[in-house]
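Engineer: Let me begin by handing over the structure; questions about it come next.
Every number here is computed from the coordinates shown, using simple stated rules; none is lab data. All of these numbers come straight from a predicted model, not from anything done at the bench. Here the Cβ positions follow ideal geometry from the backbone for every residue, glycine too, while neighbour counts run over all protein chains shown.
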Amino acid sequence: MKALVDHLSQLIALPSISSANPSLDTSNRPVIDWLANQLSERGFSIEIQTVTKAIDGQQAGKFNLIATLGTGSGGLVLAGHTDTVPFDEQQWQSNPFQLLDANHRFYGLGSTDMKGFFALVIEAITNIQQELVNQQLQQPLIILATADEETSMAGAKALAAAGKPKARYAVIGEPTDLKPVRMHKGVMMESITLEGRSGHSSNPALGNNALDAMHKVIAALMALREQWGKQYQNSAFDVIVPTLNLASIHGGDAPNRICRHCALSFDVRLLPGMNNDEVRHSIHQTVAQVLAGTGVDAKHEALFDGVAAFLEPETSELVRFSEQLTGHSAVSAGFATEAPFLQALGMQTLVMGPGSIDCAHQANEYLAHDQIKPGVDLLKSLIQRYCL
């Protein structure tokens, strides 16, 4: 599949890093334009959507692509994100932006997460168009390429706000070793900043110790975590309960001063059935109760608004057909995706794509050779089922 390898090489060579650090963040426009050109040549109509994302007050160049072939009220969306995470070049054994074919693997930044998916999609489309020269699509095929999945989900949020694309089925090609994933946990990232009053440490009455208050807040959060664990459980996940990870804490300035300021950051991983807004409200309410009468004030900030937990029913036609195609029962994943946003648009949604999540977000990321032909065949079967 020389063309596929050429396409993968070209995609890898186009930087599209997504980062909250402005010095690392890049536009994804080159990848969007490359995909638009490839799909336009194959008869797709092209829509490029500008995505609003500001870093330190500066507007970043972020874009979504919606490429459509055919018309109808049903059809299939094949979706993926165009961005990659940042990289540490010293940890790589090769140039991250130059495709390396070695050890029965294709190495390169984004090779599995998830530019490789787009190379397979183009190969599958090309094959079908060559095999079915005179056959027209009965329902539309939509290729969706999004921005900033790795940081803000800004691309998926922009699509949700616009209410598109519209189809009956959606497959997100995140790396799952070509196994269907019908559920994953949600995630939100939060910070709590406490403001007390400083004073001489010789007399606690001279101030309000924010670090003392944070000790109480942490204890209350741990009790809330235990409560969630009793209320929500799902044996389909490796970790069957929701988690709350106390990630970092900073406070105070000198050992002989009462601590005035203390900040805590943490994340919550939610099971299907839990609601992000309700969980956030519960956290705020719990903290307010703990701090009542202490003279310490709390400021809450959503570091990452969050992704909802995702669950596609096991009776879904898309789930059943994917299980039939792959020979694998649909499973859960520990990572979050754009699936809840597409599902909210009314589509049966599944996560399934080539490559392993185990090598994503790290040096020497690769796509194994043995994922390529089965991946192309799987995509062709999906297109034939839902568009032909």
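Engineer: Expressed as a rounded percentage, what relative contact order does the chain have, with Cα pairs under 8 Å and six or more residues apart?
Structural biologist: Working: 858 pairs, mean separation 92.2, N = 388.
It comes to 24 percent, rounded to a whole number.
Engineer: Next up: Nearest 20 debye, what's the magnitude of the dipole of the range 186-306 about its Cα centre given +1 on Lys and Arg Cβ and -1 on Asp and Glu Cβ? Please list the in-between numbers first.
Structural biologist: Numbers: 9 positive and 12 negative charges, 67 e Å.
It comes to approximately 320 debye.
Engineer: What is the set of long-range amide H partners of LYS62 at a cut-off below 5 Å, with H atoms built 1.01 Å from backbone N?
Structural biologist: Those qualifying (amide H under 5 Å, at least 5 residues apart or on another chain) are VAL51.
Engineer: What is the ratio of the Cα radius of gyration of the range 186-306 to 2.2 N^0.38 Å, where N is its residue count, to two decimals?
Structural biologist: Numbers: Rg = 15.9 Å, N = 121, 2.2 N^0.38 = 13.6 Å.
That ratio works out to 1.17.
Engineer: In terms of Cα to Cα distance under 26 Å, which lysines are near enough to LYS230, apart from those fewer than 8 places away along the same chain?
Structural biologist: Partners found: LYS185, LYS216.
Engineer: For the range 139-242, what is the Kirkwood hydrodynamic radius in Å, using each pair of distinct C-alpha atoms?
Structural biologist: On the way: mean 1/r = 0.0525 Å⁻¹.
By the Kirkwood definition, the hydrodynamic radius is 19.0 Å.
Engineer: Let me ask another. Positive end of the charge dipole of the range 186-306 (Lys, Arg +1 and Asp, Glu -1 on Cβ, about the Cα centre): tell me which of ALA263, ASN276, GLY229 has its Cα farthest that way.
Structural biologist: Sorting the options by dipole projection puts first ALA263.
Engineer: Give the value in nm², to one decimal: projected area of the alpha carbon convex hull of the range 138-192, averaged over all directions.
Structural biologist: Working: hull surface 23.1 nm².
Average projection, Cα convex hull of the range 138-192: 5.8 nm².
Engineer: Another question about this same structure. Tell me the volume per residue, in Å³, of the convex hull enclosing the alpha carbons of the chain. Walk me through the numbers before you get to the answer.
Structural biologist: Numbers: hull volume 57.8 nm³, N = 388.
Per residue, the Cα convex hull of the chain comes to 149 Å³.
Engineer: Net charge near ILE240, counting Lys/Arg +1 and Asp/Glu -1 over other residues with Cβ under 12 Å of its Cβ?
Structural biologist: Working: positive: LYS185, LYS230, ARG269; negative: ASP238.
Taking every Cβ under 12 Å from that of ILE240, the sum is +2.
Engineer: A further question follows. Report ³J(HN,Hα) in whole Hz for each residue of the range 199-205, in order, from the Karplus equation J = 6.51 cos²θ - 1.76 cosθ + 1.60 where θ = phi - 60°; Gly and Pro get x.
Structural biologist: In residue order, the calculated couplings are x, 6, 5, 5, 9, x, 6 Hz.
Engineer: Report the label-to-label distance for ALA13 and THR315 in nanometres (one decimal), using points 7 Å from each Cα along the Cα→Cβ vector.
Structural biologist: 5.2 nm
Engineer: Which cross-chain or sequence-distant (5 or more) residues have an amide H under 5 Å from the amide H of ALA247, H modelled 1.01 Å from N in plane?
Structural biologist: The list, which skips near neighbours in sequence, is SER265, PHE266, ASP267.
Engineer: Grab the beta carbon distance between ALA254 and GLN93, set R0 = 56 Å, and tell me the FRET efficiency rounded to 0.05.
Structural biologist: Numbers: r = 46 Å, r/R0 = 0.83.
Rounded to the nearest 0.05, the efficiency is 0.75.
Engineer: Further question: Listed highest first by mean packing, meaning other Cβ atoms within 10 Å per residue, what order do 349-356, 379-386 come in?
Structural biologist: Working: 349-356: 26.9, 379-386: 20.2.
Top to bottom by mean Cβ count within 10 Å: 349-356, 379-386.
Engineer: Next question, about the same structure. In Å and on Cα atoms, what radius of gyration and Dmax does the range 263-384 show?
Structural biologist: 20.1, 65
Engineer: Amide H to amide H, which residues 5 or more places from GLN138 or on other chains are under 5 Å from it, using H placed in the peptide plane?
Structural biologist: Close amide H contacts, sequence-distant or interchain: LEU388.
Engineer: Next question. Using the scaling law 2.2 N^0.38 Å as the reference, what is the normalised Cα Rg of the range 182-224?
Structural biologist: Values: Rg = 16.2 Å, N = 43, 2.2 N^0.38 = 9.2 Å.
Rounded to two decimals, the normalised Rg is 1.76.
Engineer: Mind checking the dipole of the chain: about its Cα centre, +1 per Lys or Arg Cβ, -1 per Asp or Glu Cβ, Debye to the nearest 20? Before the final figure, lay out the partial values.
Structural biologist: Details: 27 positive and 39 negative charges, 133 e Å.
With only Lys, Arg, Asp and Glu charged at Cβ, the dipole is about 640 debye.
Engineer: Moving on to the next point. In the structure shown, do any of LYS157/LYS179; LYS115/LYS299; LYS157/LYS373; LYS115/LYS157 have a Cα-Cα gap over 29 Å, and if so which? Numbers along the way, then the final one.
Structural biologist: Working: LYS157/LYS179 26 Å; LYS115/LYS299 39 Å; LYS157/LYS373 32 Å; LYS115/LYS157 21 Å.
Pairs exceeding the cut-off: LYS115/LYS299; LYS157/LYS373.
Engineer: Shifting gears a bit: Quick one, could you list the DSSP H helices from the chain stretching 30 Å or more along their long axis (Cα atoms) with average Kyte-Doolittle hydropathy of 0.0 or above?
Structural biologist: Values: long enough: 210-231 (31 Å, 0.10).
Counting only whole DSSP H runs, the qualifying helices are 210-231.
Engineer: Stretch LYS373-ILE218 to full length: gain in nm at 0.36 nm per residue minus the Cα-Cα span? Intermediate results must be reported in sequence, preceding the final value.
Structural biologist: Working: separation 155, 0.36 × 155 = 55.80 nm, distance 5.03 nm.
This chain segment gains 50.8 nm when fully extended.
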